[in-house]
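**Student:** I have a structure I would like to understand better, so I am pasting it below and will then ask my questions one at a time.
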Amino acid sequence: MNVCLRCGAEPPLASQICHDCVRQTIELASLPVNLRMVACKSCSSLKVPGTWTEFKDLDSAVSSFAESSVDWNIDTKKQVIQLSLNQLDPHRFRTEVNCTGVFQEVALSSLLKSEINVKFQVCQSCSRLAGGYYESILQIRTKRKEILDLAVDLVYNEIDSGPSELFTPEAGTVKGGFDFQLSSTEKGRSLAKELMIKFGGQVTETSKLIGRKDGRDLLRHTFGVRLPEVKTGDHLFLDEEVWCVTRIDRRKANLKRLIPSLAQKTVEIDFLRNVPLLDNLSEVQPVSHRGREYLLLDPFTLQTVEAISPEDWKGDKISALRYGNDTYFIWD
Ligand SMILES: [Zn+2]
Ligand SMILES: [Zn+2]
């Protein structure tokens with residue numbers, strides 16, 4: 001019969017030694033009692049070989065560093081860490097790390113303690129941000145304030161949700177639009193493209209030599225995005241007719257004619273410069289009707305008007321648009 005090679009105890013055995021002896025001899029994990037790490041004093045990023053890793057605060061950075069410093073016995077499975085942190089002063093943390101795991105069938109645990117010294121530096125992103133560093137300029141131009149606001153919001157959202165290497169040291173309103181300085185050329189290019197896909201229009205790219213580094217030319221790129229003055233869903237007054245913009249694709253706009261009766265066409269967006277835009281649709285309440293003869297309440301003048309529904313109209317929704325002194329009814 002097999003017995004423990006170490007103490008002669010009877011089974012159950014794991015690798016020919018009894019469970020008690022496993023607990024006494026197998027080291028589940030270890031951790032140096034003193035650890036050193038480097039964090040960014042501005043954004044709490046943790047310096048790791050070759051780069052910086054972002055964390056939401058210093059505690060998270062220290063916890064992650066302590067966790068990654070635990071040296072596990074590679075023959076153990078189901079490794080679980082519970083970690084508590086205690087800040088002693090701005091530079092020092094004490095941590096207790098409770099490790100559990102399984103060797104063969106034997107559950108093991110060990111409580112490790114360490115003191116972590118934090119050295120502060122400034123990460124690359126923060127030092128570039130502080131130095132006003134930027135690689136590219138994104139220029140957004142449109143005559144329509146509403147579209148400009150939507151585009152600027154989109155860019156800020158991308159920056160806020162992007163990695164910390166993406167930032168804008170300076171951004172603001174300029175004549176005819178809004179300019180962003182961006183920390184990345186690649187992102188400048190992709191943001192310009194995204195704006196064009198969303199709003200239509202066109203992008204131009206130019207670059208300027210700003211110096212040389214490591215024998216290579218350093219270029220600063222400018223992405224000029226010219227957005228149209230109309231967007232999908234707008235209502236327009238064109239050739240005495242009422243049109244709705246159904247789609248914008250780069251420099252083309254698809255239009256649907258609402259009054260008189262439905263029709264469609266595609267035009268160059270440049271053709272829609274200075275075209276009168278109509279207010280948002282208002283719902284219309286029919287007061288009464290007999291056959292195709294309707295009495296409608298004009299939502300703009302609050303007066304009743306007589307109207308004839310289109311011959312094949314079966315819908316139940318009537319809306320109104322206002323242009324100048326006229327109200328236009330749309331029979332959906
Ligand atoms: Zn034993
Ligand atoms: Zn930083």
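**Student:** Just how large is the dipole of the chain about the Cα centre, in debye to the nearest 20, putting +1 at every Lys and Arg Cβ and -1 at every Asp and Glu Cβ? Don't skip to the end; give the middle numbers.
**Tutor:** Details: 42 positive and 45 negative charges, 234 e Å.
The dipole of the chain has a size of about 1120 debye.
**Student:** While we're on this one: Measure out, as a whole number of angstrom, how far apart the alpha-carbon centroids of segment 14-58 and segment 169-220 sit.
**Tutor:** If we compute the Cα centre of each part, the gap is 42 Å.
**Student:** Here is a further query. Can you work out the FRET efficiency for the pair L302 and T206, with r the C-beta to C-beta distance and R0 = 41 Å, to the nearest 0.05? Intermediate results must be reported in sequence, preceding the final value.
**Tutor:** Details: r = 54 Å, r/R0 = 1.31.
For R0 = 41 Å, the calculated efficiency reads 0.15.
**Student:** Hey, what's segment 132-226 come to in accessible area per residue, 1.4 Å probe, Å²? Walk me through the numbers before you get to the answer.
**Tutor:** Working: 5330 Å² over 95 residues.
For segment 132-226, the solvent-accessible area averages 56 Å² per residue.
**Student:** Taking a point 7 angstrom from the Cα of R6 along the C-beta vector, which residues in segment 27-65 have backbone N less than 20 Å away?
**Tutor:** Under 20 Å, as judged by backbone N against the label point of R6, lie 27-31 of segment 27-65.
**Student:** Bin width 20 Å, alpha-carbon pairs only: give the P(r) of the chain as whole percents, running from 0 to the bin holding the largest distance.
**Tutor:** 21, 29, 25, 19, 6, 0
**Student:** Still on this structure, please answer the following. Using a Gaussian network for the chain with springs between C-alpha atoms less than 10 Å apart, which of these wobbles most: L255, L150, L295?
**Tutor:** L295
**Student:** Quick one: net charge of K317's neighbours, Cβ under 13 Å, K/R +1, D/E -1?
**Tutor:** On the way: positive: K314; negative: E283, D316, D332.
In short, -2.
**Student:** Compute the length gained on full extension between K143 and T246: take 0.36 nm times their separation in residues and subtract their Cα-Cα distance, giving the result in nm to one decimal. Before the final figure, lay out each step's value.
**Tutor:** Values: separation 103, 0.36 × 103 = 37.08 nm, distance 2.03 nm.
The span from K143 to T246 would gain 35.1 nm if fully extended.
**Student:** Now, a different point. Working out 0.36 nm times the residue gap between T51 and R92, then minus their Cα-Cα distance, what length gain in nm do you get to one decimal? Mind showing how you got there, number by number?
**Tutor:** Values: separation 41, 0.36 × 41 = 14.76 nm, distance 2.26 nm.
My answer for the length gained is 12.5 nm.
**Student:** Would you mind calculating the gained length between Y133 and A14 on full extension (0.36 nm times residue separation, minus the Cα-Cα distance), in nm to one decimal?
**Tutor:** Numbers: separation 119, 0.36 × 119 = 42.84 nm, distance 6.03 nm.
Working it through step by step, the gained length comes to 36.8 nm.
**Student:** Next up: Top mean-square fluctuation among A320, A29, A307, Gaussian network model of the chain, C-alpha springs under 10 Å?
**Tutor:** A307
**Student:** Report the FRET efficiency, 1/(1 + (r/R0)^6), for N117 and R23, where r is their Cβ-Cβ distance and R0 is 22 Å, rounded to 0.05. Kindly include the intermediate steps, with their values, before the conclusion.
**Tutor:** Numbers: r = 32 Å, r/R0 = 1.47.
Once the sixth-power term is evaluated, E becomes 0.10.
**Student:** Top mean-square fluctuation among Y156, Y294, Y133, Gaussian network model of the chain, C-alpha springs under 10 Å?
**Tutor:** Y294
The values are calculated or read from the model by the stated rules, or taken from the named source; none is laboratory data. These numbers were taken from a predicted model, which means no experiment stands behind them. Using ideal geometry, Cβ is built from the backbone for each residue, glycine included, and neighbour counts are taken over all protein chains shown. Quick note on the areas: whole protein, heavy atoms, side chains included, nothing else; ligands and nucleic acids left out. Shrake-Rupley method; radii C 1.70, N 1.55, O 1.52, S 1.80 Å.
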